[in-house]
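*Asks:* Encoded as structure tokens, here's the structure I'll be asking about.
The values are calculated or read from the model by the stated rules, or taken from the named source; none is laboratory data. Source: prediction; values computed, not measured. So basically every Cβ, Gly included, is an ideal-geometry build from the backbone, and we count neighbours across all protein chains shown. The area values use the complete protein model at the heavy-atom level, side chains included, leaving out ligands, DNA and RNA. Shrake-Rupley method; radii C 1.70, N 1.55, O 1.52, S 1.80 Å.
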Amino acid sequence: MIAAVPLVGAGAIVIDGLTDTVAPSDVAVVLGNTVQPDGTPSKRLAARLNRALDLWEKRTIEAIIVSGATGKEGVPEGDAMYRYLVQQGVPGDRIIVDNAGVDTSATAHNAAGIMAARGYDSAIVVAQYFHIPRARLAMQREGIETRTAHASFFEARDIYSTARELVAYPVYFLGLRD
């Protein structure tokens, strides 16, 4: 019986993360991920950017906030995401770069400040399905009207990532992590 608790929790994370709540919003907030040493997004990050691109092309959003940090590769994630989206046809003045999004909480906090400065209220958070519940929670805690859209990219590592969220989400929920 106790062994079922993690399975139920994982199931809840997966179902919630795969249930998009896309609706017209001011911005998409794309959470960063690995950038290759040559400055190109990893497949996982490209999937997130492609999801934001889809939202842009459907005119669901007015702008895109790309948020990340600089990983061991030495390339700022926000800059790499900006270049990728511009190459895909998104006007550069509709992309806002946040290179100080060192974690989910920082991304949410930074997005709130960026949005307030521009008069934006609503956002669609874009990440992998397992990250969506925690990212939405972080954004809502910053006062952002939050919707969700998961990136269509799956790999074996997602099993570990879903299991990690079984700890990370309660930590955020209980306020043990800013």
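*Asks:* Within the range 86-178, which strands (runs of 3 or more DSSP E) (wholly inside it) include 3 or more residues that are under 19 Å from Gly17 (Cβ atoms) and of a type outside the set (Gly, Ala, Ser)?
*Replies:* Strands (runs of 3 or more DSSP E) meeting the threshold: 122-127, 145-150.
*Asks:* For the range 91-100, state whether one or more residues are in contact with a strand residue (DSSP E or B) (Cβ under 7 Å, 6 or more places away or on another chain), surrounded by fewer than 17 Cβ atoms within 10 Å (Cβ to Cβ) and within 17 Å of Leu55 (Cα to Cα).
*Replies:* Looking for residues that are in contact with a strand residue (DSSP E or B) (Cβ under 7 Å, 6 or more places away or on another chain), surrounded by fewer than 17 Cβ atoms within 10 Å (Cβ to Cβ) and within 17 Å of Leu55 (Cα to Cα), one finds at least one in the range 91-100, hence yes.
*Asks:* Would you call Ala69 under 14 Å from the mean Cα position of the chain (by Cα), of a type in the set (Gly, Ala, Ser) and closer than 13 Å to Ile144 by Cβ?
*Replies:* When the stated conditions are applied, Ala69 does not pass them.
*Asks:* Something else: Can you tell me which of Glu155, Glu57 is surrounded by fewer than 18 Cβ atoms within 10 Å (Cβ to Cβ) and touching a Lys or Arg at 6+ places or on another chain (Cβ under 9 Å)?
*Replies:* It is Glu155.
*Asks:* Within the range 113-132, restricting attention to residues that are small (Gly, Ala, Ser) and open to solvent by 20 Å² or more (accessible area, probe 1.4 Å), which residue is nearest to Tyr160 (Cα to Cα)?
*Replies:* Ranking the candidates gives Gly113 first.
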